[in-house]
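Since the structure comes first, as C-alpha coordinates, the remarks are kept for the end.
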Amino acid sequence: VAFGRKRKMTTQQIEELRERRKSGVLIKTLMADYNLSKASVYRYLDADDN
(Lines give C-alpha, C1' and ligand atoms only; values in the text may rest on other atoms or scores of the structure.)
Protein backbone atom coordinates (compact mmCIF):
# COMPACT_ATOMS: atom_id res chain seq x y z
CA VAL A 1 0.00 0.00 0.00
CA ALA A 2 1.40 3.38 -1.00
CA PHE A 3 0.98 6.21 1.47
CA GLY A 4 1.07 9.93 0.90
CA ARG A 5 0.46 12.13 -2.06
CA LYS A 6 1.49 11.07 -5.55
CA ARG A 7 4.63 12.63 -6.95
CA LYS A 8 4.28 15.86 -8.83
CA MET A 9 7.15 15.02 -11.17
CA THR A 10 7.93 12.08 -13.41
CA THR A 11 11.14 10.08 -13.03
CA GLN A 12 12.45 11.74 -16.20
CA GLN A 13 11.87 15.20 -14.71
CA ILE A 14 13.57 14.17 -11.46
CA GLU A 15 16.65 12.99 -13.37
CA GLU A 16 16.66 16.27 -15.32
CA LEU A 17 16.44 18.21 -12.04
CA ARG A 18 19.41 16.27 -10.61
CA GLU A 19 21.50 16.82 -13.74
CA ARG A 20 20.76 20.54 -13.74
CA ARG A 21 21.75 20.80 -10.07
CA LYS A 22 25.01 18.94 -10.76
CA SER A 23 25.78 21.45 -13.51
CA GLY A 24 25.45 24.31 -11.03
CA VAL A 25 21.90 25.59 -11.40
CA LEU A 26 20.71 27.39 -8.25
CA ILE A 27 18.01 25.91 -6.04
CA LYS A 28 15.98 29.11 -6.48
CA THR A 29 16.00 28.64 -10.23
CA LEU A 30 14.94 25.01 -9.94
CA MET A 31 12.12 26.05 -7.59
CA ALA A 32 10.79 28.51 -10.15
CA ASP A 33 11.23 26.23 -13.17
CA TYR A 34 9.50 23.22 -11.63
CA ASN A 35 7.04 25.14 -9.44
CA LEU A 36 8.25 23.38 -6.28
CA SER A 37 9.06 24.48 -2.75
CA LYS A 38 12.64 24.45 -1.51
CA ALA A 39 11.90 21.40 0.64
CA SER A 40 10.47 19.52 -2.35
CA VAL A 41 13.53 20.28 -4.48
CA TYR A 42 15.85 18.94 -1.79
CA ARG A 43 13.59 15.92 -1.26
CA TYR A 44 13.80 15.03 -4.95
CA LEU A 45 17.58 15.57 -4.97
CA ASP A 46 18.13 13.37 -1.90
CA ALA A 47 15.74 10.55 -2.79
CA ASP A 48 17.40 7.27 -3.73
CA ASP A 49 14.37 5.75 -5.42
CA ASN A 50 12.98 6.80 -8.78
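The values are calculated or read from the model by the stated rules, or taken from the named source; none is laboratory data. Quick caveat, the model's predicted, so the values are computed rather than measured. We work out accessible area using only protein heavy atoms, side chains counted, and drop any ligands, DNA or RNA first. Shrake-Rupley method; radii C 1.70, N 1.55, O 1.52, S 1.80 Å.
Below, the figures for the structure above:
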item: Considering residues of region 29-44 that are open to solvent by 40 Å² or more (accessible area, probe 1.4 Å) and of a type in the set (A, V, I, L, M, F, W, C) only, the residue nearest to residue 6 (Cα to Cα); result: 39
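Residue-wise test of (1) open to solvent by less than 80 Å² (accessible area, probe 1.4 Å); (2) at pLDDT below 95.
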{"residue": "1", "(1), (2)": "no, yes"}
{"residue": "9", "(1), (2)": "yes, yes"}
{"residue": "17", "(1), (2)": "yes, no"}
{"residue": "20", "(1), (2)": "yes, no"}
{"residue": "46", "(1), (2)": "no, yes"}
